[in-house]
Amino acid sequence: MQYQNLLTRLQDFEAQASLQVADGRVVSAALAPIEPSYPRKGLVLGIMAIVALGAGVGGCPATRVFHRRLRERRSGECGPECPAGLGHARSGGE
């Protein structure tokens, strides 16, 4: 009984294997695309231009603030936020 079931399953599998034979043909050779599909150079350049503009516009005020604080510390005008009395030591000695 068990042998008969296995034999029936084997025949079913062989029948399915013969039905699943690939029947594909190459109609013509593939052609190279006229223009690349990825990466899109215009999109990448546009995004990078916006990032560079943002960095330039944001970096200029940040640099000015940093240099102003540095000048204030050197001249002794920064007040209590000077680290270890840096401004007071310089202004008192001159």
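FYI, it's all coordinate maths here, none of it is from the lab. Keep in mind the model is a prediction, meaning the values are calculated, not measured. Here Cβ is always computed from backbone atoms with ideal geometry, including for glycine, and neighbour counts include all displayed protein chains.
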Task: Dipole axis of the range 1-63 (+1 Lys, Arg; -1 Asp, Glu on Cβ), positive-most option in 49, 16, 33 - done: 49
Task: Most to least packed among 36-44, 52-60 [average Cβ atoms within 10 Å] - done: 52-60, 36-44
